[in-house]
2 protein chains.
Amino acid sequence: MGGAVDDLSLVFQALADPTRRAMLSRLAAGPATVGELAEPFAMSRPAISQHLKVLERAGLIERTAHAQWRTCTLRTEPLDEASEWVDRHRGEWNERFDLLDEHLRRVKRSAERAAPQGGAPGRPKETP
Amino acid sequence: MGGAVDDLSLVFQALADPTRRAMLSRLAAGPATVGELAEPFAMSRPAISQHLKVLERAGLIERTAHAQWRTCTLRTEPLDEASEWVDRHRGEWNERFDLLDEHLRRVKRSAERAAPQGGAPGRPKETP
């Protein structure tokens, strides 16, 4: 949509503002008119419109017109993609810690086998 | 840190760029020097530095100096907060759909009771 900005960047960009996040929080409770969305903010109508445009461009809201009313509805599909990205990176990181943990456990076990306390109970004797 | 930008906005802002996300992906595999992080990108060193500054300001990386080497390490705590925000909003929305679903099921059940097919099997007969 005009420019080389990828979809995921548009979503994170849209979330990078407390007013826009508050608007999405409001919409999570159900669709709202532009007037209802604007109400909690001491902000000009053009500023509100600009925020809605950013949310719409990221695919996070859908605007529909009923007679003279314009209603905004939350769309959560882009949030799914954002959540997936974040969780994958938290996941990879935690996985690395798990691997490190497993490695340390193995090192500890082989150290215990190399210098056993009380005579290597697990090792088979050579004489019958 | 100069300005009224909240922590969560800084995190989403940092994630709103494919180069910065690629840097975090690289760091999810383990710490790296600035040179290693810069390598995949056809980008000037000042541009790389600027991206690292945005990541650092959001708390997503930590830079440590060993002798003349500067190492960058991923920090996932800010991702936890971002993930929590996103999941809460997906959750609220899905909950609304669940409530709607439950409501529709109830409506369907009472419609079935009001106009049963094949002679109200569940209703007790009046004659003994």
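The values are calculated or read from the model by the stated rules, or taken from the named source; none is laboratory data. As the structure is a prediction and not an experimental result, all values here were calculated from the model. Glycine gets a Cβ as well: all are built from the backbone with ideal geometry, and neighbour counts include every protein chain shown. Keep in mind that these areas ignore ligands, DNA and RNA; they rest on the heavy atoms of the full protein, side chains included. Shrake-Rupley method; radii C 1.70, N 1.55, O 1.52, S 1.80 Å.
Would you calculate the separation in nanometres between label points at A:Thr33 and A:Ala115, each defined as 7 Å from the Cα along the Cα-to-beta-carbon direction?
Calculated label separation equals 7.9 nm.
How large is the charge dipole for segment B:2-75, taken about the Cα centre, if only the Cβ atoms of Lys, Arg (+1) and Asp, Glu (-1) carry charge, to the nearest 20 debye?
120 debye
What figure in square angstrom, to the nearest 10, would you give for the accessible area of B:Lys53 with a 1.4 Å probe?
That residue has around 120 Å² of solvent-accessible surface.
Suppose R0 equals 41 Å; then what is the FRET efficiency for B:Arg88 and A:Val107 from their Cβ-Cβ distance, rounded to the nearest 0.05?
0.50
Could you check the simple spin-label distance between A:Arg70 and B:Arg63, using points 7 Å along Cα→Cβ, in nm with one decimal?
4.3 nm
Quick one: Karplus J couplings for segment A:30-47, per residue in order, coefficients 6.51, -1.76, 1.60, θ = phi - 60°, nearest Hz, x for Gly and Pro?
x, x, 8, 7, 4, x, 5, 5, 6, 3, x, 10, 7, 8, 5, 4, x, 5
Could you work out the Kirkwood radius for segment B:2-75, taking every pair of different alpha carbons, averaging 1/r and inverting it, reported in Å?
Computed over Cα pairs of segment B:2-75, the Kirkwood hydrodynamic radius comes out at 12.6 Å.
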